[in-house]
Amino acid sequence: NVAQMMFAMLTSGEMHKMFGDLEIFALLVGSLCHDIDHRGTTNQFQSLSNSPLANLYSTSFMEYHHFNHFLTISQVEGNNIFKNLSKDDYSSFIELTKATILATDLAVYFRHKAEFQTLVENDSTDWEEINNRNLLRSMMITGCDLSAITKPWEVQRLVAEKIASEFFNQGDLERDIFGQAPAYMMDRSKRDELPKMQVNFIDGICMALYESLDKVNPLFRPLLEGCLSNRRNWSNLYERRTSYAEISSANISLSSINTTKIGDLGAIQNQEEEAQGGVEG
């Protein structure tokens with residue numbers, strides 16, 4: 001999903017015209033390798049469990065692991081497709097790929113979100129400037145990483161259900177092993193609130209990102225439109241109090257969703273401030 005979306009951004013979105021060959025290569029390789037050897041748990045869980053990864057890296061534990069795992073695999077005999085690059089090009093490629101993979105940590109997105117929004121609001125922003133260019137690539141990979149939220153409803157529903165299941169499994173571990181109440185979006189007892197979690201996720205993270213990307217490049221408009229469409233679908237499911245079991249049953253068609261009035265759930269976050277997350281992959 002992530003690599004497919006990056007390919008679409010570079011081709012249909014014509015971003016290949018903005019970047020050099022090494023940047024494009026790194027974006028595609030980073031997209032393919034950004035979750036290598038994922039453990040099915042978050043960075044927060046790595047820290048809570050005092051895992052070897054949490055002790056090995058100071059931040060972005062899983063992302064550094066993905067990057068280093070990529071390096072290890074790429075250097076195995078027969079796997080090194082980069083061996084014909086010059087020494088300088090290889091060094092640049094590795095740094096670009098590292099930046100791409102580390103940018104999939106949402107903590108990185110939140111650190112730079114406001115700066116990126118300021119840049120896209122300024123018509124005179126120079127995207128050739130190195131820091132601006134680096135930030136744009138970072139936001140592009142984040143947009144790819146979250147892009148299931150922009151996909152046709154059936155894809156979005158399936159991905160949300162699968163990631164919710166993974167999150168609930170982590171929540172179970174946190175409760176059983178550490179005796180700790182899990183975060184809202186990882187609490188299995190709140191699984192029937194998945195539609196609300198998704199609306200909060202879209203409003204709190206996705207919408208601003210895709211609005212900003214749309215301002216950089218109008219060819220990214222379908223991503224924003226897909227995000228808005230899925231927000232309407234999740235909003236309707238919330239209004240109908242659709243259960244997690246119903247969502248998982250694959251019987252939630254677009255026609256059944258849209259039999260009820262589309263509502264505005266912008267007030268949900270004000271009603272429950274603790275619901276700051278959502279599920280996506």
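The values are calculated or read from the model by the stated rules, or taken from the named source; none is laboratory data. Computed from a predicted structure; not experimentally measured. Here the Cβ positions follow ideal geometry from the backbone for every residue, glycine too, while neighbour counts run over all protein chains shown. Only protein heavy atoms, including side chains, enter the accessible area calculation; ligands, DNA and RNA are left aside. Shrake-Rupley method; radii C 1.70, N 1.55, O 1.52, S 1.80 Å.
Annotations for the structure displayed:
- Rg/Rh for segment 68-137, where both radii come from Cα atoms and Rh is the Kirkwood radius: 1.10
- The helix-based estimate of mean residue ellipticity at 222 nm for the chain, built from -39,500 (n - 2.57) per DSSP H run of four or more residues and divided by its residue count, is -18500 deg cm²/dmol to the nearest 500.
- Solvent-accessible area per residue for the chain (1.4 angstrom probe, square angstrom): 48 Å²
- Using C-alpha pairs under 8 Å with a sequence gap of at least 6, the mean separation divided by the residue count of the chain gives a relative contact order of 20 percent.
- Phi angles across segment 167-184 convert, under the Karplus curve 6.51 cos²θ - 1.76 cosθ + 1.60 with θ = phi - 60°, into 3J(HN,Hα) values of 5, 5, 4, 5, x, 4, 5, 4, 6, 6, 8, 9, x, 10, 5, x, 4, 3 Hz, Gly and Pro given as x.
- J(HN,Hα) series, segment 118-132, from Karplus relation 6.51 cos²θ - 1.76 cosθ + 1.60, nearest Hz, glycine and proline x: 5, 5, 6, 7, 9, 5, 9, 4, 9, 7, 7, 5, 4, 5, 5
- Anisotropy class of segment 1-160 from Cα gyration tensor, a/c 1.5 cut: rounded
- Seen through its C-alpha gyration tensor, with square-root eigenvalues sorted a ≥ b ≥ c, segment 77-218 comes out oblate because a/c lies at 1.5 or above while a/b is not bigger than b/c.
- Taking only alpha carbon atoms, segment 1-70 gives an Rg to Rh ratio of 1.11, where Rh is the Kirkwood radius.
- Given in Å, the Rg to one decimal and the Dmax to the nearest whole number for the Cα atoms of segment 133-205 are 14.5, 45.
- Summed residue charge, Cβ within 10 Å of Leu119's Cβ, Lys/Arg positive, Asp/Glu negative: -3
- Accessible carbon and sulfur surface of the chain relative to its total accessible area, %, 1.4 Å: 52 percent
- Extreme residue, positive dipole direction of the chain, given options Gln44, Pro152, Pro222 (C-beta unit charges): Pro152
- Reciprocal of mean inverse Cα separation for the chain (Kirkwood radius, Å): 20.0 Å
- 3J(HN,Hα) along segment 220-234: 8, 3, x, 5, 5, 5, x, 4, 5, 4, 5, 4, 4, 5, 5 Hz, from the Karplus curve 6.51 cos²θ - 1.76 cosθ + 1.60 with θ = phi - 60°, whole Hz, x for Gly and Pro.
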